[in-house]
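The values are calculated or read from the model by the stated rules, or taken from the named source; none is laboratory data. Given the structure is predicted, the values throughout are model-derived calculations rather than measurements. Reconstructed Cβ throughout: ideal geometry from the backbone, glycine too, with neighbour counts over all protein chains shown.
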Amino acid sequence: MSAYVVFMREKTLDQGELDVYAKRAQTTVAGHEVKVLAFYVSHEDLEGAATEGADPGKAWYDSPLYRKAREHRFKGASYRITVVDGL
């Protein structure tokens, strides 16, 4: 089963922390099948309810390596993160 993780930056708080996060986050994908489909492209929020499921995306998001890296993202910007089940 595949899953898609969608990151939407809402507000930058500290660019330096985001730079640290970007470097550390790259090392967290080892052991996870990752294929980047889009990166900072234009988008439009439409509507919808809370997202459920997507265990493969959650497994990476909660991995020990990514948990350390995301602390810098928390300090660097406000994000909305959604995990979507693949087909």
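Here are the numbers for this structure:
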item	result
Within the range 3-38, considering residues that are of a type in the set (D, E) and loosely packed, with under 13 Cβ neighbours inside 10 Å, the one modelled with the highest pLDDT	D19
Residue satisfying all of: in the range 50-87; at pLDDT 75 or above and polar (S, T, N, Q); farthest from A3 (Cα to Cα) among these	S78
E47 among the acidic types (D, E) and modelled with pLDDT of 70 or more	no
